[in-house]
Amino acid sequence: MAIREMRYISDPVLRKKAKRVPVISNAIQQLVSDMIETLQQEQGVGLAAPQVGVSLRIVVIIMPEEEPLVIINPKMVKRTGEREVTEGCLSIPGYVGEIKRSVSVTVKGEDRQGKAIRIKAAGLLAEALEHELDHLNGILYIDYIENQDKLHKVEPKASDEGASDTSEQV
Ligand SMILES: [Zn+2]
């Protein structure tokens, strides 16, 4: 496994619509392993392949104290409710924003063995799924910010205080 180089907000790859993964090849397995390692290194909750410069429909989510969740070719099948969250993004360091997300979502896709999976989620996992699936369509959370008052500068995550206390970097 290897740490991949993170891509940040001005990188055009973050604005491209990612392509479907046609076959889960060895190269895809390697990419998935690298994404897990990169996400662990960044101490984030979720990572989408475009964030490491690969325009393919793959997301990895690591909920606290849980095994990594890998979804290949994910598709949003249902969203219910609406709630306000404070959200950050590993590709937009130093900021968090207040936006609206769904209360619960249902996502289907494939795991890294190619087996069909269906995930019904609420709370942080639902937020992470919406955030990561948006990345695959070239959408960033800041696109939902209604006005400047809802975007806040925060200390880098390494400090004692800041984003890590109030929000998760997804
Ligand atoms: Zn993000």
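The values are calculated or read from the model by the stated rules, or taken from the named source; none is laboratory data. No experiment lies behind these values; they were computed from the predicted model shown. Cβ placement follows ideal geometry from the backbone for every residue including glycine, while neighbour counts extend to all protein chains displayed.
What the table shows:
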| quantity | calculated |
| --- | --- |
| Hits in the stretch 102-121 - residues which are within 19 Å of MET63 (Cα to Cα) and in contact with a Gly (Cβ under 9 Å, 6 or more places away or on another chain) | SER102, VAL103, SER104, ILE117, ARG118, ILE119 |
| Residue satisfying condition, being modelled with pLDDT of 95 or more, buried (at least 19 other Cβ atoms within 10 Å of the Cβ) and of a type in the set (S, T, N, Q), within set GLN41, GLN29, GLN51 | GLN51 |
| Number of positions in the stretch 138-153 that are outside any helix (DSSP H, G or I), exposed (fewer than 14 other Cβ atoms within 10 Å of the Cβ) and not charged (D, E, K, R) | 1 |
| Residue count, the stretch 90-123 (criterion: under 25 Å from ASP143 (Cα atoms) and touching a residue at least 60 places away in the same chain (Cβ under 8 Å)) | 6 |
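Per-residue answers, yes or no, for (1) within 12 Å of the ligand (Cβ to nearest atom); (2) closer than 21 Å to LEU31 by Cα; (3) among the hydrophobic types (A, V, I, L, M, F, W, C); (4) not in a loop (DSSP other than H, G, I, E, B):
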residue: LEU47; (1), (2), (3), (4): yes, yes, yes, yes
residue: VAL59; (1), (2), (3), (4): yes, yes, yes, yes
residue: ILE71; (1), (2), (3), (4): no, yes, yes, yes
residue: MET76; (1), (2), (3), (4): no, no, yes, yes
residue: LYS120; (1), (2), (3), (4): no, no, no, yes
residue: GLU132; (1), (2), (3), (4): yes, yes, no, yes
